[in-house]
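The values are calculated or read from the model by the stated rules, or taken from the named source; none is laboratory data. Note that the structure is a prediction, hence the values are computed from the model and not measured. FYI the Cβ positions are ideal-geometry reconstructions off the backbone, even for glycines, and counts take in every protein chain you see. Heads up: the accessible areas ignore ligands, DNA and RNA and are worked out on the full protein's heavy atoms, side chains in. Shrake-Rupley method; radii C 1.70, N 1.55, O 1.52, S 1.80 Å.
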Amino acid sequence: MPDQHVVVVGAGVAGLVAAADLARRGMQVTVLERAAAPGGKLRQVQADGAWIDSGPTVFTMRWVFEDLFADAGLQLSSHLQLEPLSVLARHAWGDGGQLDLHADATQSADAIAAFSGVAEARRFRAFCEQARKVYDTLEGPYIRSSRPNAVSLTRDIGLCGTAVLTGLGPFRNLWRSLGRHFHDARLQQLFARYATYCGSSPFEAPATLMLVAQVEMQGVWAVRGGMIALARALAALAERQGATIRCQSPVAQLYVEGGRVSGVVLDDGERIQADAVVFNGDVGALSAGRLGDDARSATPIVPTAARSLSALTWSIHARTRGFELVRHNVFFDADYSSEFRDIFGHQRLPSAPTVYVCAQDRTDAAGAAQPMQATHTDSETPERLLCLVNAPAIGDTQPISEQAIADCGDRAFALLKRCGLQVDRAPSNTVITSPNDFERLFPATGGALYGRASHGWMSAFARPDAASALPGLYLAGGSAHPGPGVPMAALSGRLAAARLMQDHTGRQRRERVVIRPHSPSTSA
């Protein structure tokens with residue numbers, strides 16, 4: 001087994017996790033990354049001298065990483081410093097109103113009662129219970145499963161699980177399902193945003209995505225050093241297990257011999273032979289021929305219309321005034337549906353965007369003896385912000401003009417101002433990243449950040465699983481099963497490693513091949 005050489009293309013979360021698992025199991029592993037450092041979408045941007053996390057910013061499903069480190073005989077807490085957040089997110093509306101969701105569901109219910117009435121608080125509790133049941137139903141048979149399909153899922157969830165999913169309403173989208181739970185449109189809007197975590201429209205995404213509420217209730221953490229610290233911890237873990245990571249080593253193509261992947265060719269012509277390759281990149285790059293014609297048939301083509309959301313972001317180091325930010329903040333305009341009509345219908349930046357603000361120098365110290373950083377109030381001290389609005393993934397088909405980007409920025413920051421937040425934004429302290437830029441960072445995606453959009457009830461089975469159609473080529477990352485998001489990408493890396501090992505050792509187990517059940521206490 002040690003003679004088997006695996007090349008991992010891409011040092012994102014999934015690639016690093018797959019490398020760590022494979023190296024621990026005795027494989028010789030080489031990770032090839034075209035950027036200067038590991039991380040993939042866990043990237044930082046420097047603005048006004050400050051390094052700002054400018055990719056994923058939310059850390060959930062801690063147990064995924066605890067299990068990964070435990071399997072290597074290590075403790076996550078010794079390699080990554082985490083602080084639980086008591087306030088999951090602060091929400092504000094341009095026409096008035098502010099609401100915090102808390103890690104404690106009782107506190108959230110009390111806040112909703114004060115915000116929208118006792119009846120809505122009761123509906124919130126019922127919503128949380130249904131979200132928990134959906135999560136419990138799908139965690140094993142879908143999220144942990146290596147190759148789920150409609151038949152296997154129906155079999156594995158049984159009659160009770162089928163009743164849970166049927167209770168959501170056959171073929172009901174998330175927006176309509178939330179309308180059954182909440183009478184206050186603002187709450188419907190708030191929880192509908194969970195669809196965007198998968199890069200999707202709540203008006204087309206399945207109601208099962210309400211399970212994100214349960215994921216957040218299990219805990220949201222802030223990472224000391226930013227999310228990039230997670231990438232560094234995963235890279236160190238992979239290297240500790242024996243993997244080699246080569247940065248600034250872009251892969252130009254996969255080469256195939258005898259109908260099987262036999263290695264890769266780098267941009268400079270270097271040829272690296274491998275018994276198997278794990279591709280940690282968007283699967284659209286394969287079908288688009290970005291890694292050679294031989295790899296085109298490895299995965300189905302992802303139509304442009306099926307792409308998930310992209311984003312327009314502002315990485316800012318500036319003073320703020322007027323609105324007390326927490327770590328995660330969301331600002332809503334009144335016409336929520338217009339945002340998704342603009343993006344998915346008209347393929348343009350939204351005229352009434354929702355704005356997410358991650359205030360990276362803010363945490364809360366609930367339960368922590370030594371908070372990572374004190375909460376800010378108005379001051380002369382600049383703070384690190386990532387401001388984001390959803391955008392269409394058209395960076396390679398109809399690139400967005402500078403004027404359109406500027407106009408969208410004006411609308412986004414005008415909304416923040418209506419909600420009471422003023423940001424001293426200037427060209428000297430701001431770095432803008434558009435779908436055009438994300439296309440350059442992640443080719444053949446148009447800037448889509450989540451792979452294929454989760455639209456329609458069959459979308460759960462549209463993402464490819466770990467084993468591609470090309471023998472010897474395995475898939476890991478947010479565009480493969482089980483989907484986007486930091487913990488899901490990590491799970492995809494574990495599933496890819498497990499499937500590769502299974503194929504190499506001849507084992508025939510197909511379902512839930514790697515991820516053991518976790519104790520709920522690990523997420524507390």
Among the residues in region 66-82, are any open to solvent by less than 20 Å² (accessible area, probe 1.4 Å), farther than 30 Å from ASP268 by Cα and assigned to a loop (DSSP other than H, G, I, E, B)? yes
Report, by residue number, each residue of region 416-443 that is among the hydrophobic types (A, V, I, L, M, F, W, C), surrounded by 22 or more Cβ atoms within 10 Å (Cβ to Cβ) and outside any loop (DSSP other than H, G, I, E, B). LEU416, VAL423, PHE438
Applying the selection to region 17-44, what residues are assigned to a helix (DSSP H, G or I), out of contact with any strand residue (DSSP E or B) (no Cβ under 7 Å at 6 or more places or on another chain) and of a type outside the set (Gly, Ala, Ser)? VAL17, ASP21, ARG24
If I filter region 175-200 down to residues being part of a loop (DSSP other than H, G, I, E, B) and under 21 Å from GLY117 (Cβ atoms), which single residue comes out as least open to solvent (accessible area, probe 1.4 Å)? PHE182
Any hit, region 356-377, residues being assigned to a loop (DSSP other than H, G, I, E, B), modelled with pLDDT of 55 or more and closer than 17 Å to PRO435 by Cβ: no
Is it the case, given these coordinates, that LEU16 is under 17 Å from LEU234 (Cβ atoms), out of contact with any Ser or Thr (no Cβ under 9 Å at 6 or more places or on another chain) and buried (at least 22 other Cβ atoms within 10 Å of the Cβ)? yes
What about ALA236, is it at negative phi, surrounded by fewer than 19 Cβ atoms within 10 Å (Cβ to Cβ) and hydrophobic (A, V, I, L, M, F, W, C)? yes
Only listed residue being surrounded by fewer than 19 Cβ atoms within 10 Å (Cβ to Cβ) and in a strand (DSSP E or B), chosen from VAL256, VAL265, VAL277: VAL265
List every residue pair whose Cβ atoms sit under 8 Å apart, with the two residues 6 or more apart in sequence or on different chains, where the first one lies in region 308-335 and is farther than 22 Å from ALA393 by Cβ and polar (S, T, N, Q) and the second, anywhere, is at pLDDT below 95 and open to solvent by 20 Å² or more (accessible area, probe 1.4 Å). THR320/HIS376; THR320/ASP378
So how many residues does region 158-174 have that are under 22 Å from ALA195 (Cβ atoms), open to solvent by 20 Å² or more (accessible area, probe 1.4 Å) and not basic (Lys, Arg)? 7
Across region 280-296, what is the number of residues that are touching a helix residue (DSSP H, G or I) at 6+ places or on another chain (Cβ under 8 Å) and surrounded by fewer than 16 Cβ atoms within 10 Å (Cβ to Cβ)? 2
VAL6 in contact with a strand residue (DSSP E or B) (Cβ under 6 Å, 6 or more places away or on another chain), under 20 Å from ALA285 (Cβ atoms), assigned to a strand (DSSP E or B) and touching a residue at least 24 places away in the same chain (Cβ under 8 Å): yes
Any idea how many residues of region 297-323 are in a loop (DSSP other than H, G, I, E, B) and either at pLDDT below 95 or buried (at least 19 other Cβ atoms within 10 Å of the Cβ) (or both)? 8
Residues in region 242-281 that are at positive phi and modelled with pLDDT under 95 total 2
Do any residues in region 178-200 that are over 30 Å from ASP282 (Cα atoms) and modelled with pLDDT of 95 or more have Cβ atoms under 7 Å from those of residues that are open to solvent by 10 Å² or more (accessible area, probe 1.4 Å) and in a loop (DSSP other than H, G, I, E, B), where the two are at least six apart or on different chains, and which pairs are they? ARG186/GLY97
Does SER146 fit the bill of being in contact with a Leu (Cβ under 6 Å, 6 or more places away or on another chain) and more than 24 Å from HIS102 (Cβ to Cβ)? yes
Within the set of pairs 6 or more residues apart or between chains, which connect a residue that is on the phi < 0 side of the Ramachandran plot and in a loop (DSSP other than H, G, I, E, B) inside region 92-119 to a residue that is open to solvent by 20 Å² or more (accessible area, probe 1.4 Å) and acidic (Asp, Glu) with Cβ atoms less than 7 Å apart? GLY94/ASP333
What residue, of ALA222, ALA213, is part of a strand (DSSP E or B) and crowded, with 20+ Cβ neighbours inside 10 Å? ALA222
Going by what's in this entry, would GLY284 be described as over 30 Å from GLU83 (Cα atoms), at pLDDT below 95 and either out of contact with any strand residue (DSSP E or B) (no Cβ under 9 Å at 6 or more places or on another chain) or of a type in the set (Phe, Trp, Tyr) (or both)? no
Tell me which residues, restricted to region 83-100, are within 30 Å of ASP21 (Cβ to Cβ) and open to solvent by 30 Å² or more (accessible area, probe 1.4 Å). PRO84
Exactly one condition in (1) under 24 Å from the mean Cα position of the chain (by Cα); (2) in a helix (DSSP H, G or I) is not met by VAL164; state its number. (1)
Members of region 242-253 that are open to solvent by 70 Å² or more (accessible area, probe 1.4 Å) and either of a type in the set (Lys, Arg) or outside any strand (DSSP E or B) (or both): ARG246, GLN248
Specify which of the listed residues (PHE344, PHE331) is of a type outside the set (Val, Ile, Thr) and open to solvent by less than 20 Å² (accessible area, probe 1.4 Å). PHE331
